[in-house]
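S.K.: Please read through the structure below; I'll follow up with questions.
The values are calculated or read from the model by the stated rules, or taken from the named source; none is laboratory data. Source: prediction; values computed, not measured. Cβ coordinates were reconstructed from backbone atoms using ideal geometry, including for glycine residues, and neighbour counts include every protein chain displayed. Note: accessible area is taken over every heavy atom of the protein model, side chains too, but ligands, DNA and RNA are not part of it. Shrake-Rupley method; radii C 1.70, N 1.55, O 1.52, S 1.80 Å.
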Amino acid sequence: MANLTENTFLHPQPDVDNLTTSFSTQSLEENKSKEKDTKSAVKKLSDIQFLVMITHLAGAEIRFILDSTKKDISENDNESLPLLYSLLEGVVQYLVVEDSVQLGEKVLESLKNALYETYLAVASFLSERWDVYQMAQDKGAIDNMTTLFTIGAYSRWIAEETSVTPEEMETLVPLIVWVLEQKSFDSLQTDPFNLIAELLAFITSETVTLDAFLKLEGLTFTVSHFKTAETDIQRLEIAAILLNIVVSSDVNTLERYGEVLRELFPILINLMTSGNLH
């Protein structure tokens, strides 16, 4: 007994209960910290995965809707189409402002591929829709909500997309000029110019598409919209298109349309110096 007491005194035994409690508390706190970090990482990953998934699904649904209405000139509007386009436009805006490094190369590539494939299908749909109109000579082939919403969506996409070539856009110039020629639509309450403003900015700044635009009397219709514009803001937007035409045109073109342009110069100067934009 003496030896036991002496050994016990010289070599105290650990307080098992306190150690257990201490280790348990420390372990619990570490687990909570790890769990919090894991949840945070999973949440970030889930957000990105959700973004990619929604982009691909929306794109696939748009392609399905357009493919199912390509040859149909009747009123065949899908109420979900505007929402789907708005969703993709939101993704585009997100990519414009978001740091691509944070998204990661694979995610960025996946999103861009989904958008590119969708809007490639959109361009194909619009081209085929124009062919249908030419064969049937039925305004309803274009003047329906599906086609008009698609034209507007493609125009807004062009404002951000840089990979589309003038040669690719040239096939759509007749459709764009047709829209510009209209004063209004039966199926959608919108100004035709506003629907294609970004497309006009593109085609009037490139020689290939500008030549096609002018041959189809695009300048005449642009001037007509300028004269009937209801606000100075819209007149300025159209003036920017006219300025594109002047800057991008050669001498022969300027001489041909010089009379029309000279007529507009005093109006443009007055508009830009009036200070009464509203």
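S.K.: Suppose we keep only residues that are open to solvent by 50 Å² or more (accessible area, probe 1.4 Å) and assigned to a loop (DSSP other than H, G, I, E, B) within segment 73-91. Which one would you say is modelled with the highest pLDDT?
M.R.: Selected residue: E79.
S.K.: Is there any pair linking a residue in segment 82-96 that is within 12 Å of E61 (Cα to Cα) to one that is buried (at least 16 other Cβ atoms within 10 Å of the Cβ) and charged (D, E, K, R), with Cβ under 7 Å and at least six apart or on different chains, and which?
M.R.: L84/E61
S.K.: Pairs under 6 Å by beta carbon, first residue touching a residue at least 24 places away in the same chain (Cβ under 8 Å) in segment 123-140, partner β-branched (V, I, T) and assigned to a helix (DSSP H, G or I), six or more apart or different chains?
M.R.: Cβ pairs passing all conditions: R129/T147.
S.K.: In the list E170, E181, which residue meets the criterion of being of a type in the set (D, E, K, R) and over 22 Å from S224 (Cβ atoms)?
M.R.: Of E170, E181, the one residue that is of a type in the set (D, E, K, R) and over 22 Å from S224 (Cβ atoms) is E170.
S.K.: Y94 is checked against (1) over 20 Å from E160 (Cα atoms); (2) open to solvent by 70 Å² or more (accessible area, probe 1.4 Å) and fails just one. What number does that condition carry?
M.R.: Single failed check for Y94: (1).
S.K.: A further question on this structure: Name the one entry in E217, E237 that is of a type in the set (D, E, K, R) and in contact with an Asp or Glu (Cβ under 9 Å, 6 or more places away or on another chain).
M.R.: None of the other options fit; the residue is E217.
S.K.: Same structure again: Only residues in segment 225-243 that are more than 16 Å from T190 (Cβ to Cβ) count as the first member; pair them with residues that are of a type in the set (D, E, K, R) and open to solvent by 20 Å² or more (accessible area, probe 1.4 Å), Cβ under 7 angstrom, at least 6 apart or cross-chain, and list the lot.
M.R.: Within 7 Å, the pairs are F226/R235.
S.K.: Do you know which residues across segment 127-148 are under 16 Å from P82 (Cβ atoms) and assigned to a helix (DSSP H, G or I)?
M.R.: Listed by number, the residues that qualify are M145, T146, T147, L148.
S.K.: Oh, and also: More than 20 Å from E237 (Cβ to Cβ), touching a helix residue (DSSP H, G or I) at 6+ places or on another chain (Cβ under 9 Å) and either of a type in the set (D, E, K, R) or modelled with pLDDT under 95 (or both): does that describe E181?
M.R.: No.
S.K.: Condition first: in contact with an Asp or Glu (Cβ under 7 Å, 6 or more places away or on another chain) and part of a loop (DSSP other than H, G, I, E, B). Now tell me which residues in segment 149-162 satisfy that.
M.R.: Hit for segment 149-162 is A159, nothing else.
S.K.: Which of the residues belonging to segment 90-99 are of a type outside the set (F, W, Y) and either over 18 Å from F149 (Cα atoms) or touching a helix residue (DSSP H, G or I) at 6+ places or on another chain (Cβ under 6 Å) (or both)?
M.R.: V91, Q93, L95, V96, V97, E98, D99, listed by residue number.
S.K.: Sticking with this structure for a sec: Of all residues being open to solvent by 40 Å² or more (accessible area, probe 1.4 Å) and among the polar types (S, T, N, Q) in segment 154-167, which is nearest to E230 (Cα to Cα)? Just the residue, please.
M.R.: T162
S.K.: Follow-up. Within segment 227-240, how many residues turn out to be open to solvent by less than 10 Å² (accessible area, probe 1.4 Å) and under 25 Å from P166 (Cα atoms)?
M.R.: Going through segment 227-240 one residue at a time, the tally reaches 1.
S.K.: Another one. Considering each of L264, L199 in turn, give the residue that is modelled with pLDDT under 85, in contact with a helix residue (DSSP H, G or I) (Cβ under 7 Å, 6 or more places away or on another chain) and either of a type in the set (D, E, K, R) or open to solvent by less than 20 Å² (accessible area, probe 1.4 Å) (or both).
M.R.: L264
S.K.: V179: open to solvent by less than 40 Å² (accessible area, probe 1.4 Å) and assigned to a loop (DSSP other than H, G, I, E, B), yes or no?
M.R.: no
S.K.: Could you check segment 97-121 and list, in sequence order, the residues that are open to solvent by less than 80 Å² (accessible area, probe 1.4 Å) and modelled with pLDDT under 90?
M.R.: E98, D99, S100, L103, G104, V107, L108
S.K.: Just to be sure before I move on: is N252 over 28 Å from the mean Cα position of the chain (by Cα), open to solvent by 20 Å² or more (accessible area, probe 1.4 Å) and modelled with pLDDT under 70 in the structure I sent?
M.R.: It is false that N252 is over 28 Å from the mean Cα position of the chain (by Cα), open to solvent by 20 Å² or more (accessible area, probe 1.4 Å) and modelled with pLDDT under 70.
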